[in-house]
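Working notes, structure below.
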There are 2 protein chains.
Amino acid sequence: MKVDIVQKVLKANDEIAKLVKDKLKSYKMFCINMISAPGSGKTTLIERIFQEDAEDMRIGVIEGDPETTRDAERISKYNVPVVQINTAGGCHLEAHLVLQALDKLPLGEIDLLIIENVGNLVCPVGFDLGEDARVAVVSVSEGHDKPFKYPKLFTTANLVILNKIDLLPYVDFDVEEFRKGVLGINPNVNIIHTSCRTKEGIDKWVNWLREQVKNG
Amino acid sequence: MKVDIVQKVLKANDEIAKLVKDKLKSYKMFCINMISAPGSGKTTLIERIFQEDAEDMRIGVIEGDPETTRDAERISKYNVPVVQINTAGGCHLEAHLVLQALDKLPLGEIDLLIIENVGNLVCPVGFDLGEDARVAVVSVSEGHDKPFKYPKLFTTANLVILNKIDLLPYVDFDVEEFRKGVLGINPNVNIIHTSCRTKEGIDKWVNWLREQVKNG
């Protein structure tokens, strides 16, 4: 009974995700869905794009959080169109929320739409938002065991960002073990190492985005 | 419809949680439910108890993870009764899983049962596991905004642990802002600062547990 309902919810979501996808396509927007644990640095990774030489891409952002408009406020400082979705305690974004948010964005003036999902390694994975690519973010302070314990996210990721690498000297994180875990699940996925503090790897992150938008 | 089903699931869970509670009471076990984001250091906080002078408490552990028995293997090194629950991708523990796990533990030989929930700041909060107290863990690398963005966990917490404080010099974490966030939601909750690396605050954590077991 419970499983049946869950499947119905997912099916309904998939249908709306298709509407989102069609809308994005008609406006020639490339869309990424960023998924990670809370506090892995998704918002700062988005902020760093605007501090890099990325004016060639017109970017819009949708921020998902259970409560507050803190992340949207951070992004709006860069004069970028941004919409905050509050899930009122909900654990993931769904396609109908994204479809509503699109109405508040200047469609036709955006090449790259970045959706920052609710911080959660589990629930967002099952919900297609109509995105073209998924970005999984893990910070080194979370431990190298995450791909083993939470494999589903890594199965569906098009890019994996290992963030906060400036903290490597101060935490017990085995980079090789992490890579093994990720590549064991998704052998061809690109893994980028970044630090939003030192800006190491931010150019790779922005170049990956640029490449996606170009080949969209 | 969807909300209705969710309420039925929660109600069924509450009824089983009552059975768990009765069983714990009949065996005089005090039970805590540890909830946090993935990688905040719950397992290491449990390991540190066994390295502290805590032989006066007979402890049992239930480990929750979507996949793998890694955490149970870590705990079993301390010759402590431990049961791993794998949720097969599920985002939280439920009372019926705990009830089953109790059958695999030496009841009558445990004073303190520690349940480590799946790493998730949202979903575990709604599911009573029959515990006597809830412990919320946040690591400083996750950012001081977590109580504002994910308030529900902090509403129901009996203890808040701010972990990995050895990383404070290397991250942008405002301890005062975090405290304000937590106490704004739950004004009388105890907040303990810990580092599993330097062992700072581990004595406070163990003493808090000892106090709970004593006052049952």
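So here's what we get for this one:
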| read-out | value |
| --- | --- |
| Check on A:Glu94, within 14 Å of another protein chain (Cβ to nearest Cβ), touching a residue at least 40 places away in the same chain (Cβ under 8 Å) and either of a type in the set (A, V, I, L, M, F, W, C) or closer than 23 Å to A:Gly216 by Cβ (or both) | no |
| Condition broken by B:Pro147, with the remaining ones in (1) surrounded by fewer than 22 Cβ atoms within 10 Å (Cβ to Cβ); (2) within 14 Å of another protein chain (Cβ to nearest Cβ); (3) free of Cβ contacts under 8 Å to residues at least 60 places away in the same chain; (4) closer than 27 Å to A:Thr87 by Cα satisfied | (1) |
| Some residue of region A:153-168 being of a type outside the set (S, T, N, Q), crowded, with 23+ Cβ neighbours inside 10 Å, within 14 Å of chain B (Cβ to nearest Cβ) and not in a helix (DSSP H, G or I) | yes |
| Residues located in region A:98-126, provided they are within 14 Å of chain B (Cβ to nearest Cβ) and under 22 Å from A:Lys28 (Cα atoms) | A:Glu116, A:Asn117 |
| Positions within region A:169-180 being crowded, with 17+ Cβ neighbours inside 10 Å, facing chain B (nearest Cβ under 10 Å) and either in a helix (DSSP H, G or I) or among the small types (Gly, Ala, Ser) (or both), in sequence order | A:Tyr170 |
| Residue that is nearest to A:Val140 (Cα to Cα), among those in region A:181-192 that are surrounded by fewer than 17 Cβ atoms within 10 Å (Cβ to Cβ) and not aliphatic (A, V, I, L, M) | A:Asn190 |
| Pair list, Cβ < 7 Å and 6+ apart or interchain, from region A:49-67 residues that are more than 14 Å from every other protein chain (Cβ to nearest Cβ) to residues that are surrounded by fewer than 22 Cβ atoms within 10 Å (Cβ to Cβ) and of a type in the set (Phe, Trp, Tyr) | A:Phe50/A:Tyr78 |
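Only the coordinates and a few stated rules stand behind these numbers; no lab work does. Everything numeric in this text was worked out from a predicted model, so none of it was measured. Virtual Cβ from ideal backbone geometry, glycine too; neighbours counted across all protein chains shown.
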